[in-house]
Amino acid sequence: MFGLSAHKVAIPETGESFSCKDKEALLAAMVKLGRKGIPVGCLNGGCGVCKVRVLQGDVTPTGPISRAHVSAEEEASHITLACRATPTTDVSLEILGKMKKSFLAQCGKPKAG
């Protein structure tokens, strides 16, 4: 096959789902499609706003992840920045970034934790 395959990205907390191509960052795919399932900040790994936990499926890094936002222990626990990860399978994500509460409130979801 000559094209890139696409994977489904689901965010159960917000009810959003979108398609993300191989080699495309999760956050970039969401923004390109006009979706709002993950908080958006700087788009380059510097702010930590798009911090997520991979609940199901697999991702691979697209670039360095700042240890100021994701520790090695967190990364080993399937936590990453959506702007610095691309899916290798269909994935399900949980929002963890520092804007989680206000972001979920804007989506009409109850504030968690």
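Before moving on, here are some points about what is shown:
- Considered as an equivalent ellipsoid built on the Cα gyration tensor, the stretch 6-106 has semi-axes of 17, 16, 13 Å, the largest given first.
- Estimated translational D of the stretch 26-78 in µm²/s (Stokes, Kirkwood radius over Cα pairs; 25 °C; 0.890 mPa s): 204 µm²/s
- The 3J(HN,Hα) values that the Karplus relation (6.51, -1.76, 1.60; θ = phi - 60°) gives for the stretch 81-96 are, in residue order, 9, 5, 7, 10, 9, 10, x, 10, 8, 4, 9, 10, 10, 10, 6, 10 Hz. Gly and Pro appear as x.
Each value in this text was obtained by applying a stated rule to the coordinates, not by laboratory testing. Just so it is clear, the structure is predicted and the values come from calculations on it, not from any experiment.
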